[in-house]
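What follows is a short report on a single structure.
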Amino acid sequence: MPTDPEIRLALAATVQRLANWAGAAVPPSPATVVTIARKLEIAAHAEVERAVRRVREDGQGWPAIASLLGLDALPCHGGHPARLAFGYCTGLARRPETGRPRFLWDCCACGQTVAGHGPTSTPASSEQGHADGCQRLAANITEWQHAREGRR
Ligand SMILES: [Zn+2]
């Protein structure tokens, strides 16, 4: 896995290359760097969203995704990393939407597209779209009930 300084170096090189392709001055102006870096940020978020969708489809929950995103190690948000992960994934730059935030993924157990509304309530209400009798939804409900009983 690359280190943070290696990632920053790769990003700086990518910004420089894109500025060169666009015919910007060398070195690019701060305004050009802001514009290009923001476009890269949006593209990176979209890639994260696609990858998280695959992780959800593979059966991982929001606590595991929080760990993958490094959100479980933030000292100021120690209590709800799963909610942070969901918020990160649903808060990506896109058109404004009305209604509850949602994250779409395809359930490999029932084959339906599920609109996930985050880890804040029961799977029955936070995962809408499973087919009737979906085994994965039933397993998620059982797991949620066991976790809830464990906290009492
Ligand atoms: Zn399902």
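Looking at the chain, what % of the alpha carbon pairs are farther apart than 22 Å? Walk me through the numbers on the way to the answer.
Values: 6077 of 11476 pairs.
Everything past 22 Å amounts to 53 percent.
Any chance you could give the angle, 0 to 90 degrees and rounded to 10, that helix 30-57 forms with the longest Cα principal axis of the chain?
20
With axes computed from alpha carbons, what is the tilt in degrees of helix 135-151 against the longest principal axis of the chain, rounded to the nearest 10 within 0 to 90?
With both axes taken from Cα atoms, the answer is about 90 degrees.
For all pairs of alpha-carbon atoms in the range 1-88, what percent lies in each bin of width 5 Å, listed from the first bin to the last filled one?
3, 13, 17, 17, 16, 14, 10, 7, 3, 0
Most fluctuating residue of PRO28, PRO63, PRO119 in a GNM of the chain with Cα springs under 10 Å: which is it?
Its mean-square fluctuation being the largest, the pick is PRO28.
Among HIS45, HIS146, what is the fewest-to-most ranking by other Cβ atoms within 10 Å? Please report the intermediate quantities before stating the final value.
Details: HIS45 16, HIS146 9.
Least to most surrounded, the residues fall as HIS146, HIS45.
Name the most mobile residue of VAL34, VAL52, VAL114, meaning the one with the largest mean-square fluctuation, in a Gaussian network model of the chain with Cα contacts below 10 Å.
In this elastic network of the chain, the residue with the biggest mean-square fluctuation among VAL34, VAL52, VAL114 is VAL34.
7 Å from Cα along Cα→Cβ at both ILE42 and SER29: what's the point-to-point distance in nm?
Taking the two extended label points, one gets 2.0 nm.
Ranked highest first by average number of other Cβ atoms within 10 Å, how do 35-44, 128-137 line up? The partial results should precede the final answer.
On the way: 35-44: 13.7, 128-137: 15.4.
Most protected by this proxy first, the peptides run 128-137, 35-44.
Angle check, please: helix 81-90 long axis (alpha carbons) against the longest principal axis of the chain (alpha carbons), in degrees 0 to 90, nearest 10.
Approximately 60 degrees, to the nearest ten.
For labels at ALA124 and ALA22 in the simple 7 Å Cα→Cβ model, what's the distance in nm?
5.2
State, in angstrom, two size descriptors of the range 1-42 derived from its alpha carbons: Rg to one decimal place and Dmax to the nearest whole number.
Rg and Dmax of the range 1-42, Cα atoms, are 10.6, 33 Å.
Quick note: the coordinates plus some simple rules give every number you see, no bench work behind them. As the structure is a prediction and not an experimental result, all values here were calculated from the model. Ideal geometry is used to build each Cβ from the backbone, glycine not excepted, and the neighbour counts take in all protein chains shown.
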